[in-house]
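Following: one structure in structure tokens, then a few remarks.
The values are calculated or read from the model by the stated rules, or taken from the named source; none is laboratory data. On a predicted model such as this, the values are computed, not experimentally measured, just so you know. So basically every Cβ, Gly included, is an ideal-geometry build from the backbone, and we count neighbours across all protein chains shown. Remember, those area values only see protein heavy atoms, side chains included, never the ligands or the DNA or RNA. Shrake-Rupley method; radii C 1.70, N 1.55, O 1.52, S 1.80 Å.
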Amino acid sequence: MYRELDEQALAGYCSQGDRMAGDELYRRYAARVFALCRRYLPSEEDAKDLMLETLVQALDKIDTYKYSGKGSLYGWISRIAINKALN
């Protein structure tokens with residue numbers, strides 16, 4: 001069921017605390033966020049830690065996400081990752 005959800009619906013389920021939706025968010029975005037983190041951090045372990053921190057923060061703050069079209073959820077998550085990497 002969750003694999004078929006568009007990103008707006010997935011974010012909605014995540015904001016309701018649906019753990020399976022959170023798992024789907026991780027499946028969809030972990031690899032892309034990790035690749036983004038590797039561009040900012042030379043250490044694979046540091047990049048993995050940042051990716052996990054980013055996705056945890058995204059799930060914690062998902063109720064602040066505002067859908068603005070296809071791809072906006074990844075854009076929002078990637079902005080979290082970039083901000084964390086720069087700090």
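Annotations
- Against the list (1) more than 17 Å from K84 (Cα to Cα); (2) buried (at least 18 other Cβ atoms within 10 Å of the Cβ), the condition E4 fails is (2).
- Residues satisfying the stated conditions in region 77-87, i.e. assigned to a helix (DSSP H, G or I) and either open to solvent by less than 60 Å² (accessible area, probe 1.4 Å) or without any contact (Cβ under 8 Å) to a residue 12 or more places away in the chain (or both): I77, S78, R79, I80, A81, I82, N83, A85
- Complete set of residues in region 26-58 that are of a type outside the set (S, T, Y), out of contact with any Cys (no Cβ under 6 Å at 6 or more places or on another chain) and surrounded by 19 or more Cβ atoms within 10 Å (Cβ to Cβ): V33, L36, C37, L55, A58
- Scanning region 64-74 for residues that are exposed (fewer than 12 other Cβ atoms within 10 Å of the Cβ) and part of a helix (DSSP H, G or I) gives a single hit, T64.
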